[in-house]
1. Want the number for HIS38 to ILE243: 0.36 nm per residue separation, take away the alpha-carbon distance, what's left?
2. If I model a spin label as a point 7 Å beyond the Cα along the Cα-Cβ vector, how far apart are those points for ARG118 and ALA62 in nm?
3. Based on Cβ point charges of +1 for Lys and Arg and -1 for Asp and Glu, what charge dipole magnitude is obtained for the chain about its Cα centre, in debye rounded to the nearest 20?
4. Please identify which residues in region 79-122 have an amide N closer than 16 Å to a label point set 7 Å out from the Cα of GLU226, following the Cα→Cβ vector.
5. Please list, by residue number, every one of the chymotrypsin sites (Phe, Trp or Tyr not before Pro) in region 88-188 that is coil in DSSP and has at most 14 other beta-carbon atoms within 10 Å.
6. Can you give the net charge of the other residues whose Cβ lies under 12 Å from the Cβ of ALA201, counting K and R as +1 and D and E as -1?
7. Filter the GluC sites (Glu not before Pro) in region 81-185 down to the DSSP loop ones having no more than 16 other Cβ atoms within 10 Å, then list what survives.
8. Report the net charge of residues surrounding GLU186, where surrounding means a beta-carbon distance below 15 angstrom and charges are Lys +1, Arg +1, Asp -1, Glu -1.
Amino acid sequence: MTTKKSLAIVTGGSQGIGFAIVETLIAANYFVVIADLHAPAVDIDATQQATIHYQPCDVADAQSVKNLVEYVMAQYGHIEVLINNAGVVCQGELTSLSQDTWQRVFKINVEGPFLLCRDVIPIMQQQKFGRIVNIASVAAQTGGGFLGNTCYAASKGAVISLSKGIAREYGEQGISCNTLCPGYIETPLTAAMSHEQVTHAVQAIPAKRPGTPSDIAQAILLLVSEKNSYINGVTLNVDGGLIRY
């Protein structure tokens, strides 16, 4: 099977922010491959089915990532966009964390994007075109806080550095790599926050509201556009003005 539409891989695309990104890309005429451990948690309507494919993938497993990329190339023959959205959050102060927890967070949040980028970039090099967006968090710039701890923040800081390195190494080959840092976004993860935590978080945001998955998806659309040929290596905060530098 081949598709003339630009093809995007979205990891962790089965729910929350990931699925909002999928829907937004489809509406913008992309063909999207959802790479996730689980199938989409929401119903895909008939109009979307022709432009979505779900492919099981464990982003922390090198062979699983290799199988994903080989499958996409065998079936469709090209990859224009890679969105590394899959990730995990952890809580607790540093001295309470086990080494296993630290390593698990870094394996998914950092090694996952590394593996995807390593396997997809050679394809983008051959195409002389590619758009990569790695999803981090404003926690990387604050050391954690209302969502995520020091471990989570450190892993997302590594994602920012990964993006900048990729932008430097491959920018002259038509490949851009940027980082998007969501602030407080209404998702299943933040739904567990207490009323007091939500109130405190919103008070700190100049927009005086939480963000939505759609807010993130619309920013993604800008970064992956073919018309965007000069935004590369940036860290874009989508946070209602929470981090103002």
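None of the figures in this text is laboratory data; all of them are computed from the coordinates on show. Keep in mind the model is a prediction, meaning the values are calculated, not measured. Cβ atoms come from the backbone with ideal geometry, glycine included; neighbour counts cover every protein chain shown.
1. Full extension of this stretch gives 70.5 nm more.
2. Inter-label distance under the simple model: 0.5 nm.
3. Using Cβ point charges on Lys, Arg, Asp and Glu, the chain gives about 580 debye.
4. 79-82
5. Details: sites: TRP102, PHE106, PHE114, PHE129, PHE146, TYR152, TYR170, TYR184; in loops: PHE129, PHE146, TYR184.
Passing both the DSSP loop test and the Cβ count: no residue.
6. Numbers: positive: LYS208, ARG209; negative: GLU186, GLU196, ASP239.
Overall, the nearby charge balance is -1.
7. Counting only loop positions with at most 16 other Cβ atoms within 10 Å, the GluC sites (Glu not before Pro) in region 81-185 are GLU93.
8. Values: positive: LYS208, ARG209; negative: ASP215, ASP239.
Around GLU186, the charge tally is 0.
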